Amino acid sequence: MPQPSREGKAIGIDLGLNHFAVTSDGSKFDNPRLLNKHQQNLKLKQQQLSRKQKGSSNRNKARKKVARVHRKINNCSADFLHKLSRRIVNENQVIVVENLNIKGMMQNHCLAKSIHQVGWGMFCTMLKYKAQAEGKIYQEVDRFFPSSKTCHVCLNQVGSLSLAVRNWTCRHCLTLHDRDVNAALNLRDEGLRILTSGTGDKACCPDVSRTKRGRKKSTTALSVGQEAYCVREASL
Ligand SMILES: [Zn+2]
């Protein structure tokens, strides 16, 4: 059992489809394999259900099987999200995530993606209440913030970054970036900037260890990058 951190560590978390979550300290977390297995099973059971005659007892049996897989998925997912959020809250003082537009995302009808979205929403809710229960800080960053396309070292922005690109090199400072880790680092820095400038949900900020570089106070121009919005939307 990990002990709660007293060091005032801050973490940024990038949520995505390639990995469920990637953190600013370089950890990548995937959905448990069992969950994927259940999801494949769900698809199969739903197909079987659709082939059964309406009103038949076979249809009723098939319906119960679908419900059972749904329950398994919910349990498995909740277990994973509880453990991961507990670990992150225990190890950090400040947790920064991107503000997800759950309502907008729910209009997406793709099953796999919608399951991801439910997971992200639940995960953020868990992070938030677990953090608040321990007097820690949960901070959301505006989703227009171009976390993927900004170099976290020199804050240089690339014009476009195709979703297929998992690694890229900053032309300005020549740093090689892992796309998701770089995004998580930018989220962390932006979250800390919001907290220290007092424009966040909470005006006070505990003694958090900021990186020496820090982020300049004025990044308003960065925060409204519309192109990043497009990249983000396409990646969902
Ligand atoms: Zn750079």
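Observations on the structure shown:
- Residue pairs, from the table Lys28/Lys83; Lys28/Lys65; Lys28/Lys130, whose Cα atoms sit over 24 Å apart: Lys28/Lys65
- Base-10 log of normalised Debye intensity for the range 12-62 (one unit scatterer per alpha-carbon) at q = 0.14, 0.23, 0.27 Å⁻¹: -0.55, -0.82, -0.94
- Inter-probe distance in nm under a simple model that places probes 7 Å from Cα toward Cβ, at Gln46 and Arg63: 1.7 nm
- Mean separation of Cα contacts under 8 Å (6+ apart) over length of the range 1-93, as relative contact order %: 41 percent
- A Förster radius of 25 Å combined with the Cβ-Cβ distance from Leu34 to Asp142 puts the calculated FRET efficiency at roughly 0.15.
- The label-point distance for Gln53 and Thr169, in a model that sets each label 7 Å from Cα toward Cβ, rounds to 6.7 nm.
No value in this document is a laboratory result; all are computed from the given coordinates. This one's a predicted model, so the numbers in the text were calculated from it and none came from an experiment. Cβ coordinates were reconstructed from backbone atoms using ideal geometry, including for glycine residues, and neighbour counts include every protein chain displayed.
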